[in-house]
Amino acid sequence: MLVDLKDGYCRTCGGQLEITGANDATLDVECTECGDGYAVETDAFNDGGVTYWPQAMVEFGEEC
Ligand SMILES: [Zn+2]
């Protein structure tokens, strides 16, 4: 799942992020430009945690 650049971007290079995982507390993101990966808060993307995180939980939540 790609993160819209208006909502968030790579803290290293400013590139587009892809969400690669999710759990109750964090989202795992990976940069599509530089490959940097890290975890962010579930509400890190300007959406109050109601857009990306629920979608990510549907996609990734039950697996670990
Ligand atoms: Zn980057």
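Mind listing just one residue for me: the one in region 5-64 that is in contact (Cβ under 8 Å) with a residue 24 or more places away in the chain, in a loop (DSSP other than H, G, I, E, B) and among the acidic types (Asp, Glu) and, of those, surrounded by the most Cβ atoms within 10 Å (Cβ to Cβ)? Residue satisfying both the conditions and the ranking: Asp47. For region 18-38, a residue qualifies if it is of a type outside the set (Asp, Glu) and away from the ligand (no atom under 15 Å from the Cβ), and the qualifying residues are Gly21, Ala22, Asn23, Ala25, Thr26, Leu27.
Only the coordinates and a few stated rules stand behind these numbers; no lab work does. Small disclaimer: the values here were computed from a predicted structure and weren't measured. Note: ideal-geometry Cβ built from the backbone for every residue, glycine included; neighbour counts use all protein chains shown.
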